[in-house]
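Read through the structure below, which is laid out as structure tokens, and then see the notes.
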Amino acid sequence: MSKNLEILKDFNILYLEDDESLLKHTKDALEDFVANIYGVKTTVEAMKILLEKRVDVIISDIQLENENGINFLKYIKSKNINIPSILTTAHTDTNYLIEAIKLKVENYLIKPIDINELLDSLVDVLLPKIQEKELKKNENIIKTIGAITDSKQVEIVKYIFNNLDENNNFFGSYSEIMDKFSISKPTLIKLFKDLADKNILIKIAHKTYQFDEKSLND
């Protein structure tokens, strides 16, 4: 997997296509590159996924059976669900293209779908999200470092932020951290206490801590 395609592995894709054969073929091709791909045939199924799962990109056919992918994207935008979208179609009708532009759809691919082109499009759509996430993480690291006093603890703070999950939880024990860094247990305990006192990193369960981003903006 190239470095560019590597960024896809953390993202979830919703794929709306009523052609069962194409749905299976494209889903099978993409699942090796992304975290999860939810393949559905109707907008009802698609809406259920949006309400139950984290979705980072929507790929939707325009001409669905008795439905229209553009109308579906209009509907979810009206519900303030703003997710980057890629439209696919067998048609080159300029009316569809105009509608897609109005919706600010990120890309518009003509069938038959070229998997490499689709993967490139996903990278183009998701790269800004990766960059935004990295900038935010670095900003939070800087703010947190500013909230502590011991320079020895800086690398630990970076390690914690680099290992937060999507819910801002960090999983780890003192011994696991001490195995990775040259730091004494009293110094490590003091760091976690300082972060807890400032409500930055709160212990919520055994070996489980939650980062509260709001605490850095107070």
Under the condition of being hydrophobic (A, V, I, L, M, F, W, C) and within 13 Å of LEU126 (Cα to Cα), which residue from region 1-32 is nearest to the chain's Cα centre (by Cα)? PHE11
If the requirement is being in a helix (DSSP H, G or I) and modelled with pLDDT under 85, which of these qualifies: LYS104, LYS152? LYS152
Only one residue in ALA29, ALA46 is in contact with a helix residue (DSSP H, G or I) (Cβ under 9 Å, 6 or more places away or on another chain) and surrounded by 19 or more Cβ atoms within 10 Å (Cβ to Cβ), so which one is that? ALA46
Pull out all pairs, ordered by first then second residue, where Cβ-Cβ is under 6 Å, the residues are six or more apart or on different chains, the first lies in region 161-175 and is open to solvent by 70 Å² or more (accessible area, probe 1.4 Å), and the second is not in a strand (DSSP E or B). PHE171/LYS207
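Residues checked against (1) under 27 Å from GLU166 (Cβ atoms); (2) open to solvent by less than 80 Å² (accessible area, probe 1.4 Å); (3) out of contact with any Pro (no Cβ under 6 Å at 6 or more places or on another chain); (4) modelled with pLDDT under 85:
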{"position": "TYR108", "(1), (2), (3), (4)": "no, yes, yes, yes"}
{"position": "PRO112", "(1), (2), (3), (4)": "no, no, yes, yes"}
{"position": "ILE115", "(1), (2), (3), (4)": "yes, yes, yes, no"}
{"position": "LEU135", "(1), (2), (3), (4)": "yes, no, yes, yes"}
{"position": "ASN140", "(1), (2), (3), (4)": "yes, yes, yes, yes"}
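The values are calculated or read from the model by the stated rules, or taken from the named source; none is laboratory data. All of these numbers come straight from a predicted model, not from anything done at the bench. Every residue, glycine among them, receives a Cβ derived from its backbone with ideal geometry; neighbour counts consider all protein chains shown. For accessibility, only protein heavy atoms count, side chains too; no ligands or nucleic acids. Shrake-Rupley method; radii C 1.70, N 1.55, O 1.52, S 1.80 Å.
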